[in-house]
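Read the structure below first, then the notes.
The values are calculated or read from the model by the stated rules, or taken from the named source; none is laboratory data. Keep in mind that what you see is a predicted model, and the values were worked out from it rather than measured. With ideal geometry, Cβ positions are generated from the backbone for all residues, glycine too; neighbour counts draw on all protein chains shown.
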Amino acid sequence: EDKVVQSPLSLVVHEGDTVTLNCSYEVTNFRSLLWYKQEKKAPTFLFMLTSSGIEKKSGRLSSILDKKELFSILNITATQTGDSAVYLCAVVTYKYIFGTGTRLKVLA
Amino acid sequence: NAGVTQTPKFQVLKTGQSMTLQCAQDMNHEYMSWYRQDPGMGLRLIHYSVGAGITDQGEVPNGYNVSRSTTEDFPLRLLSAAPSQTSVYFCASSRGGQGDGQPQHFGDGTRLSIL
């Protein structure tokens, strides 16, 4: 059975800290891995990863995929209170399989 | 530029009632899906569709029906509401067909309470 596991489940840090969120998976017919940020409403798309070793960056956020070891990480540097959210990882096969998410709280 | 539109935003039902959650997208996306989100459970796939006339079950399909008569619309029907169906429901769509791998666009969700 396909599965996606995220860790940690929750995390509390102070502004300025760097955080690393993990997503491991076991699926057949891998197509891509997606990262989303969810605040109060709908998830918003952050990154799509399809190839190993190519780092995707957007400002203070970056992500990388390891297709051999079957995991991805999402890094956030110099965290701000606005980064507080649930971060979701999804692996796409012929459908979208989501992890349970990591709840990040950034304290001022 | 509407994207994915879900209605209603909130709904309270009594046990045993039926209702339809509406989802429409204006991006001509082939792939659409319904999720429920419960505390600590992430997004769980209920049903999905890879194009008009084609639907399939996800992880938690029991108690729900879907149909896809047009590319734009993908309604979710609760046949006989149960308290266990209290949840936040999200509809999502993506371009391309099955196995495309592209990110999904989400609606704002419907918060449903069953008494």
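Among (1) part of a strand (DSSP E or B); (2) more than 10 Å from chain A (Cβ to nearest Cβ), there is one condition residue B:69 misses while meeting the rest; what is its number?
Unmet for residue B:69, out of (1) part of a strand (DSSP E or B); (2) more than 10 Å from chain A (Cβ to nearest Cβ): (1).
Any residue that is of a type in the set (D, E, K, R), within 10 Å of the chain's Cα centre (by Cα) and under 30 Å from residue B:110 (Cβ atoms) - is there at least one of those in the range A:27-38?
yes
Any idea how many residues of the range A:68-104 are more than 15 Å from the chain's Cα centre (by Cα) and charged (D, E, K, R)?
3
If you check A:76, A:97, which single one turns out to be β-branched (Val, Ile, Thr) and over 21 Å from residue B:36 (Cβ atoms)?
A:76
Out of A:63, A:32, A:58, report the one residue that is within 12 Å of another protein chain (Cβ to nearest Cβ) and either polar (S, T, N, Q) or more than 27 Å from residue B:31 (Cα to Cα) (or both).
A:32
State which residue is nearest to the other protein chains (Cβ to nearest Cβ) when the search covers only the range A:35-49 and only residues that are in a loop (DSSP other than H, G, I, E, B) and surrounded by 15 or more Cβ atoms within 10 Å (Cβ to Cβ).
Only one residue tops the list, namely A:42.
Would you check which residues across the range A:9-24 are within 13 Å of chain B (Cβ to nearest Cβ) and of a type outside the set (A, V, I, L, M, F, W, C) and list them?
Within the range A:9-24, A:10 is the sole residue that qualifies.
Out of curiosity, is residue A:81 more than 15 Å from residue B:44 (Cα to Cα), away from every other protein chain (no Cβ under 14 Å) and not aromatic (Phe, Trp, Tyr)?
yes
Given the conditions (1) assigned to a loop (DSSP other than H, G, I, E, B); (2) at pLDDT below 95, which single one is not true for residue A:79?
If we test residue A:79 against (1) assigned to a loop (DSSP other than H, G, I, E, B); (2) at pLDDT below 95, just (2) comes out false.
Yes/no matrix, rows are residues, columns are (1) in contact with a strand residue (DSSP E or B) (Cβ under 7 Å, 6 or more places away or on another chain); (2) closer than 19 Å to residue A:102 by Cβ:
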| position | (1), (2) |
| --- | --- |
| A:17 | no, yes |
| A:20 | yes, yes |
| A:23 | yes, yes |
| A:35 | yes, yes |
| A:39 | yes, yes |
| A:44 | yes, yes |
| A:50 | yes, no |
| A:56 | yes, yes |
| A:63 | yes, yes |
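When you scan the range B:9-21, do you find a residue that is outside any strand (DSSP E or B) and without any contact (Cβ under 8 Å) to a residue 60 or more places away in the chain, even just one?
No, because not a single residue in the range B:9-21 is outside any strand (DSSP E or B) and without any contact (Cβ under 8 Å) to a residue 60 or more places away in the chain.
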